[in-house]
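Below: one structure, written as structure tokens.
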Ligand SMILES: [Zn+2]
């Protein structure tokens, strides 16, 4: 994206983008206070004030600020009044145009915080895995959601990432329902609430809990949606060390092993070495 490439004079590759410094360079003063929305941008005599919701997680605050920088940059680059319409006191109209501006500023924020070229090359070199996704979200200081979105946009891998809400009785796994899905492959047609972890996956998941120091477990992932059950190569990981929140990575293998293999750390190879 051209807009974001105008900016990263301050950003070092492979690290979290210094979003506050970039805002300062753009004459955007940053304030924080509890808000009902993610952020509010106001024009001042000398530039802008971006007020960020202090009750949001820090990674979300960073994304919100990057989004607001996007509005300022879009206005600077195009002179489009629409780019700043929602800061001039007008009620945001739910027009296609307003939505388009919002999407553009989200895309800008994603590129500013997670440069596509860098992410693509890391994912291509190391091979997508859940521990890598976690490491990337920590290194770049972005949320797991934002990182998962970005992985889909890199198109390095045909895959799906699912966040599950799970039930346990003691050490026995009792099942899970999908809370979020990111996918660039076809999954069974159904609503989010219909996706369940099929019982054939339960034992692998129980291993994740008992395995000391194990952060992820390569496994076949069995997903059920109504009557239909599908399975993929993939791996399981606890989300923020919380066993009631699991993440699964599912990799398409239509083209066989060649498609799964990537770099020297493929999920399949690691599965076989265990
Ligand atoms: Zn906006």
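For each of 69, 22, 251, count neighbouring Cβ atoms within 10 Å of the residue's Cβ, then give the residues from fewest to most.
Ordered by Cβ neighbours within 10 Å, fewest first: 22, 251, 69.
So for the range 140-215, considering every pair of alpha-carbon atoms, how many percent are separated by more than 19 Å?
49
At what distance in nm do the modelled label points of residue 185 and residue 240 sit from each other, each positioned 7 Å from its Cα along Cα→Cβ?
If labels sit at residue 185 and residue 240, their model points lie 2.8 nm apart.
Among 168, 236, which comes first, then next, by fewest other beta-carbon atoms within 10 Å?
The most exposed by this proxy come first: 168, 236.
More than 16 Å apart: what percent of Cα pairs in the range 127-171 qualify?
43
So between residue 100 and residue 27, what do we pick up on full extension, going 0.36 nm a residue minus the alpha carbon distance?
Working it through step by step, the gained length comes to 23.8 nm.
For residue 118 and residue 200, FRET efficiency with R0 = 30 Å and r from the beta-carbon atoms, rounded to 0.05?
E(calc), rounded to 0.05, equals 0.20.
Run the numbers for residue 35 and residue 228: contour at 0.36 nm per residue of separation, minus the present Cα-Cα distance, in nm.
Stretched out fully, the residue 35 to residue 228 stretch lengthens by 65.1 nm.
Label residue 192 and residue 149 with points 7 Å out from Cα along Cα→Cβ: what is the distance between them in nm?
Computed distance between label sites residue 192 and residue 149 equals 1.3 nm.
Fewest first, what order do 37, 247 take by the number of other Cβ atoms within 10 Å?
37, 247
No value in this document is a laboratory result; all are computed from the given coordinates. Values in this document were obtained by computation on a predicted structure and should not be read as measured data. Methodologically, a virtual Cβ is constructed for each residue, glycine included, from the backbone with ideal geometry; neighbour enumeration extends over all protein chains shown.
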